[in-house]
Amino acid sequence: MAVSLDAWKVELELAGYGLGWTDVTSDVIAADRVKWRRGIMGSGPLDRVATPGSLKFSLNNSERNSSSTIGYYSPGASSCRSGFDLGIRVRVRLSYASSYRTVFIGRVEEITPTAGRYRDRRVVCTAYDWLEEAALFKITGIGTQTSQRADQVISTILATMPLQPESTSFDTGRSTFAYALDTARDESSFALGEFQKLVMSEAGQLFVKGDGSLVFENRTSRPARTTVSATLSNTMTDLAVNRRRDLVLNRVQATVHPRRVDTSYVTLFTLRTITQVRAGETVSLFGGYVDPLQLASRVGGTDMQTPVATTDYTFNAASDGSSTDLTSSLSVTMSAGFSAGGNGFYATIQNTGSADGYITAFRVRGKGIYDYENAVMVAQNTASQATYGINVLGVDMPYQNDPSTGSSVASYFVALYGATSRTYATSVSFAANRDNAHMLAALDCDISSRIALDETVTGLSSSGTQAFFINGVEGDLGARGVLSVKWTLAPADVERVWILGTSALGVDTRLGY
């Protein structure tokens, strides 16, 4: 029996961050629909980190809105609603069975009013979830992390960011990385890119849920999740499936990155340009660490040493160093995080004297971290190769240093994708208003929920060899609360996976990773 939402709301934080939500639903143009998407928008084994989620909705900018004011949602106009501008938070909440669920929360990124007093007089708003902050935030001054798990390094990066997610839910990583962030680049690396490297090194997942919570799952989280949260049985409005020979991934090559680290101090940066610093002047310097034997190669560094006057830098009245030694007038201050290493340094250099001078020498010493000696761990199913040919999947794990973990990951992927051909459902769509079960599935299932599908034409069966995890969520809300949902799907392991201390290996499970 068809069901309806009790209510739905679009709310804006007009009074400022943390100062309460203002319901603007009455000004939302429902005919334009409210649409959102978030999560991991891919179905393959390497699709493990979500992209920034988005929300789009339209507001009534005519005299027929709640304030009877033209230009009420036009920032910069004298009639604009107080507090309405870029950067404010927005959320969408849906109520069913007397309970509200937040399906999207983010910040307004774009506001586009339609010009013309007698035209549409609507404002199209686009918002993005917290992962947009991670995509835009450039990592700066974080030192090399030693003996840390993925969840710990993600937390370290978060601590440097000015805008935080609504909350966090992090599994404890299964791997401890000897070194991490040593291959980041202060001048070009962004937080989301480093999250990708960390998650791939763990073989986990990272995404934002509907309530704005940032979630990190370790590599055993999904394999250990066997409870089916929803089943769709010939009730989907659309279903995308494929069955291709090249999807039988029967040879997996997992690349791990053991590091070589210097046992004594070496010069990782040398200033090769004579630099003038005038009396009283302060200059800032960033330098990336390079291999002292291969100067074109960037490397990481650890146990970095604060530069010592005359030993590591000199300052002279002449550019060739032939005049008065002014080194005692040069103040060198290293930025926070320097002592922990990293991929480069930030220095503040000040001429405290009364005479102009030249930096004639400047170097930074530490112990280099070298990512040159990768190991490729291979797992394959030769019986499958004889039937389907060899189909190769490469998995790069940038911060993973343990070859045995790489071997286990490769073996797991071969078991999941490479034994035989399968029909993969990559997405499924359905009408939430169809009945109570579908509405609850739309509202209560989120990314990483395990679901089952029955579909007669394609042969998908919840009692057969098919199970799926939700990777991404898309919602489409129209007039009168009509809700359509689309899930991006990834295949689940149809066998229970053995994890130390949870079951009997070889009896009711097989080896996991």
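The values are calculated or read from the model by the stated rules, or taken from the named source; none is laboratory data. Fair warning: this is a prediction, and the values are worked out from it, not measured in the lab. Because the Cβ atoms are built from the backbone with ideal geometry, glycine has one as well, and the counts that use them run over all protein chains shown. For accessibility, only protein heavy atoms count, side chains too; no ligands or nucleic acids. Shrake-Rupley method; radii C 1.70, N 1.55, O 1.52, S 1.80 Å.
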Next item on the list: Inspect the range 317-330 for any residue being open to solvent by 50 Å² or more (accessible area, probe 1.4 Å), modelled with pLDDT under 95 and assigned to a helix (DSSP H, G or I) and give the result as yes or no.
Entry: no
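Just one of S463, S404 is surrounded by fewer than 21 Cβ atoms within 10 Å (Cβ to Cβ), polar (S, T, N, Q) and closer than 29 Å to F177 by Cβ; which is it?
Being surrounded by fewer than 21 Cβ atoms within 10 Å (Cβ to Cβ), polar (S, T, N, Q) and closer than 29 Å to F177 by Cβ holds for just one of S463, S404, which is S404.
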Note to self: Return the residues of the range 472-486 that are closer than 13 Å to M439 by Cα and of a type in the set (V, I, T); say none if nothing qualifies.
What the structure shows: V482, V485
Margin query: Among the numbered criteria (1) touching a Phe, Trp or Tyr at 6+ places or on another chain (Cβ under 9 Å); (2) surrounded by 14 or more Cβ atoms within 10 Å (Cβ to Cβ); (3) under 29 Å from V485 (Cβ atoms), which one does S4 miss?
Written below: (2)
Check: With respect to R64, is the statement that it is over 24 Å from the mean Cα position of the chain (by Cα), surrounded by fewer than 20 Cβ atoms within 10 Å (Cβ to Cβ) and within 30 Å of N242 (Cβ to Cβ) true?
Finding: no
Note to self: If a residue counts only when it is over 30 Å from G212 (Cβ atoms) and in contact (Cβ under 8 Å) with a residue 40 or more places away in the chain, which helices (runs of 4 or more DSSP H) contained entirely in the range 365-479 have at least 3 such residues?
What the structure shows: 382-388, 403-417
Check: Can you tell me which residues in the range 7-29 are open to solvent by 60 Å² or more (accessible area, probe 1.4 Å) and assigned to a loop (DSSP other than H, G, I, E, B)?
Finding: A15, Y17, L19, W21
Check: Quick one: is L94 in contact (Cβ under 8 Å) with a residue 40 or more places away in the chain, under 30 Å from A432 (Cβ atoms) and touching a helix residue (DSSP H, G or I) at 6+ places or on another chain (Cβ under 9 Å)?
Finding: yes
Next item on the list: Might you check whether a residue that is in contact with a strand residue (DSSP E or B) (Cβ under 6 Å, 6 or more places away or on another chain) and open to solvent by less than 20 Å² (accessible area, probe 1.4 Å) occurs anywhere in the range 79-86?
Entry: no
Notebook entry, point to check: Filtering the range 124-163 down to residues that are in contact with a Pro (Cβ under 7 Å, 6 or more places away or on another chain) and assigned to a helix (DSSP H, G or I), which residue is least open to solvent (accessible area, probe 1.4 Å)?
Noted result: L131
